[in-house]
Amino acid sequence: MGKFEDSMTRLEEIVNQMESGDQPLEDTLRLFREGMKLSEYCSGALSEAQRKVEILIKRADGTYDKEALDQEDDLEETESTEEEPE
């Protein structure tokens, strides 16, 4: 398993331990801090993956262009201002 998957698995374990309510306060606080670090790491990893994802855009002439996923809003504006070929 990769680091992201391992982090998610550990985060689930922490949540289950904390939800059980069987931990002393000191252990619960330690688990909470560990969980927050894991959550921040996973969130960052997901954000980075989203930046790397690209979508293929089919142009009117039948060709395809790659655009970054986070540029989708810019793409919609561009498409609405482009004229259709005759």
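Quick notes on this structure:
- Listed by position, the helices (runs of 4 or more DSSP H) contained in the chain that have at least 1 residues being in contact with a helix residue (DSSP H, G or I) (Cβ under 9 Å, 6 or more places away or on another chain) and modelled with pLDDT of 90 or more are 3-20, 25-52.
- Pairing residues of the range 1-25 that are more than 15 Å from Ser43 (Cβ to Cβ) and free of Cβ contacts under 8 Å to residues at least 40 places away in the same chain with residues that are surrounded by 10 or more Cβ atoms within 10 Å (Cβ to Cβ) and of a type in the set (Val, Ile, Thr), at Cβ distances under 8 Å and at least 6 apart in sequence or on separate chains, gives Met1/Thr9; Met18/Thr28.
The values are calculated or read from the model by the stated rules, or taken from the named source; none is laboratory data. From a predicted model like this one, the values you see are computed outputs, not experimental measurements. As a convention, Cβ positions derive from the backbone with ideal geometry for all residues, glycine included, and neighbour counts pool all protein chains shown.
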